[in-house]
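Q: Let me give you the structure first, and then I'll get to my questions.
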Amino acid sequence: MKTLGIESTAHTFGVGVVDERGRILFDERVVLRPPEGMGILPREAADLFSREGWKPLLKAVNMGVDGVAFSIGPGLGPSLRTGAVAARYIASSLNVPLIGVNHSLSHIEIGKLLTGAEDPVVVYTSGANTQIIAHEGGKYRIFGETLDMGIGNMLDTFARRLGLSMPGPPKLLELAQHAKQYIPLPYTVKGSDLTFSGLLTAAERALEKYPKEDVAFSLLETAFAMVVEVAERALAHTEKDEVLLVGGVAASPRFQEMMKTMAEERGAKVHIVPQKYAVDNGVMIAWTGYLYLSHGYKTPINTPINPYFRIDQAETPWLDAGGGI
Ligand code: FE2
């Protein structure tokens, strides 16, 4: 069985095809690259997807597919709609089942497929998202999350302030290597949740007094330490023994190192999704779509996108004991 997956929640229009064993048969992406110092403009992403997305789609459809999955949310409305329209059109034309997939959940399932993690505490850090998630009581639950912006967007915003291009974290890490001192910045963990906007403002102000290298270093250390602390609490609470890092920020070596130090002290193993699949892609949607379709799940053709779809609202029939809800 070949499942087609379409990812289109933000700046990437990803098209993937997987088979029932999780083998990746096709993987192409159209990515909006904003000019230096600029963020994503949702309308521009949607325009690009409409202009270019059909090329990888046509190749994938020509392979012959038995089901079509698309990211139904969360994400930017204009981007989501582009993928949804394409998915509905292809599923109707080929008369194959359609399935809408929660984007966050697909980051986790592709991470588990590619790393062998079985039942991890998931640390999902990307541009728009920062969540600590674990499967408990029949669904993925959020144990802690950002209350304002995602850690990736925060770091990108700071990098833009320095005139650096996106993605911000690797450029900031480079700068941080030349730091001479740690500058105290607000450490904003509230209960099990995080906030980044106050930290960002404080870092921007610190630039008036301190070298950018020192500020970049301090900002990264503080933000990463906050996420690691919340992950540690989730590990303690759930008594799981694996941590899985997914999302674009998972590629940061310093973040990985800090997470490993914490996990080792608790006897837990850290799994890191390969960088190519840590960022948005169609393969993760295809694989998660397959998991649903193989359990008889389908999405009616006229189901609207859901830009605010939370992972704890998504069903996970393949993880439920006894095989179904
Ligand atoms: Fe994502």
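Q: Of the chain, which part is the longest with no chymotrypsin sites (Phe, Trp or Tyr not before Pro) in a loop (DSSP not H, G, I, E, B) and with at most 14 other C-beta atoms within 10 angstrom? Display every interim value, and only then the final one.
A: Working: sites that count: TYR182, TYR187, TYR308.
Here the longest segment lacking exposed loop sites spans 1-181.
Q: Can you work out D for the range 1-92 in µm² s⁻¹ from Stokes-Einstein, where Rh is the Kirkwood radius over C-alpha pairs, the temperature is 37 °C and the viscosity is 0.692 mPa s?
A: Result for D is 248 µm²/s.
Q: At 0.36 nm per residue, and after removing the present C-alpha to C-alpha distance, how many nm does the segment from GLU44 to HIS178 gain when stretched out fully? Write down the numbers at each step before the final one.
A: Working: separation 134, 0.36 × 134 = 48.24 nm, distance 3.61 nm.
Computed gain between GLU44 and HIS178 is 44.6 nm.
Q: Further, regarding this structure: To test your reading of the geometry: what angle, between 0 and 90 degrees and rounded to tens, separates the Cα axis of helix 103-115 from the longest principal axis of the chain?
A: 90 degrees
Q: Based on the Cα atoms of the range 85-194, what semi-axes does the equivalent ellipsoid have, where each is the square root of 5 times one gyration tensor eigenvalue, given in whole Å with the largest first? Kindly include the intermediate steps, with their values, before the conclusion.
A: Details: eigenvalues 228, 85, 37 Å².
With the √(5λ) rule applied to the range 85-194, the semi-axes are 34, 21, 14 Å.
Q: Shifting gears a bit: Bin by bin, in steps of 5 Å, what percent of the Cα pairs in the range 45-134 do you find, going until the bin that has the longest distance?
A: Calculated over all Cα pairs of the range 45-134, the distribution is 3, 12, 19, 20, 19, 14, 11, 3 percent.
Q: Please report the Cα spread of the range 118-275 along all three principal axes, rounded to whole Å, starting with the longest.
A: Its Cα atoms span 48, 25, 25 Å along the three principal axes.
Q: Return the subset of LYS2/LYS171; LYS112/LYS139; LYS59/LYS298 for which the Cα-Cα distance in this structure is over 27 Å, preserving the input order. Don't jump to the answer; show the numbers that get you there.
A: Numbers: LYS2/LYS171 39 Å; LYS112/LYS139 15 Å; LYS59/LYS298 24 Å.
From the list (LYS2/LYS171; LYS112/LYS139; LYS59/LYS298), the Cα-Cα distance tops 27 Å for LYS2/LYS171.
Q: Multiply the residue gap between THR261 and MET1 by 0.36 nm, knock off their C-alpha separation, and tell me the result in nm, one decimal place.
A: Working: separation 260, 0.36 × 260 = 93.60 nm, distance 4.09 nm.
Roughly 89.5 nm would be gained on extension.
Q: Among the GluC sites (Glu not before Pro) in the range 136-215, which ones are in a DSSP loop with at most 15 other Cβ atoms within 10 Å of the Cβ? Mind listing them? Each step should come with its number before you reach the end.
A: Numbers: sites: GLU136, GLU145, GLU174, GLU204, GLU208, GLU213; in loops: GLU208.
Filter output for the range 136-215: GLU208.
Q: Report, in degrees rounded to the nearest 10, the 0 to 90 angle that the Cα long axis of helix 282-293 makes with the longest principal axis of the chain.
A: The two axes meet at around 50 degrees.
Q: Moving on. Please work out the Cα center distance from the range 281-307 to the range 46-67, rounded to the nearest Å.
A: Taking the Cα centre of each part, the range 281-307 and the range 46-67 sit 16 Å apart.
Q: To continue, here is another question. Note down the magnitude of the dipole of the range 118-275 about its Cα centre, charges +1 on Lys and Arg C-beta and -1 on Asp and Glu C-beta and zero elsewhere, to the nearest 20 debye.
A: Charge dipole, the range 118-275, about its Cα centre: 440 debye, nearest 20.
Q: Suppose a student asked you for the relative contact order of the chain, using Cα pairs under 8 Å spaced at least 6 residues apart; what percent would you report?
A: Working: 708 pairs, mean separation 84.6, N = 325.
Value for the chain: 26 percent.
Q: Over the chain, what percent of the accessible surface lies on carbon and sulfur atoms, probe 1.4 Å? Working shown, then result.
A: Working: 7080 of 13880 Å².
Carbon plus sulfur share of accessible area: 51 percent.
Q: Angle between the Cα long axis of helix 253-265 and the longest principal axis of the chain, 0 to 90 degrees, nearest 10?
A: 90 degrees
Q: Ratio of alpha-carbon Rg to the 2.2 N^0.38 Å globular estimate for the chain, to two decimals, please.
A: The chain yields a ratio of 0.99.
Q: So between GLU118 and SER93, what do we pick up on full extension, going 0.36 nm a residue minus the alpha carbon distance? Before the final figure, lay out each step's value.
A: Numbers: separation 25, 0.36 × 25 = 9.00 nm, distance 3.65 nm.
Extending this stretch completely gives an extra 5.3 nm.
Q: Return a whole-number percent for the relative contact order of the range 118-275, with Cα pairs under 8 Å and 6 or more residues apart as the contact set. List each step's numbers first, then the result.
A: Values: 291 pairs, mean separation 41.7, N = 158.
Contact order relative to length: 26 percent.
Q: What shape does the range 1-156 take by its C-alpha gyration tensor, where a ≥ b ≥ c are the square roots of the eigenvalues and a/c under 1.5 counts as rounded, a/b above b/c as prolate, and the rest as oblate? Mind showing how you got there, number by number?
A: On the way: a/c = 1.96, a/b = 1.14, b/c = 1.71.
It is oblate, given that a/c is not under 1.5 and a/b is not larger than b/c.
Q: Turning to a different aspect of this structure: With both bridge residues required to lie in the range 118-275, what share of the DSSP beta bridges run antiparallel, to the nearest 5%?
A: On the way: 13 of 22 bridges.
Counting only bridges with both partners in the range 118-275, antiparallel ones make up about 60 percent.
Q: Continuing with this model, one more query. Over the chain, what is the percentage of antiparallel beta bridges among all DSSP beta bridges, to the nearest 5? Before the final figure, lay out the partial values.
A: Values: 25 of 43 bridges.
Bridges in the chain are about 60 percent antiparallel.
Q: Any idea of the accessible area per residue across the chain, 1.4 Å probe, to the nearest Å²? List each step's numbers first, then the result.
A: Values: 13880 Å² over 325 residues.
Result: 43 Å² of accessible area for each residue.
The values are calculated or read from the model by the stated rules, or taken from the named source; none is laboratory data. The shown structure was predicted, so the numbers you read here are calculated from the model rather than taken from an experiment. Note that we place each Cβ from the backbone using ideal geometry, even for glycine, and neighbour counts take in every protein chain shown. What goes into the accessible areas is simple: the full protein's heavy atoms, side chains included, and nothing from ligands, DNA or RNA. Shrake-Rupley method; radii C 1.70, N 1.55, O 1.52, S 1.80 Å.
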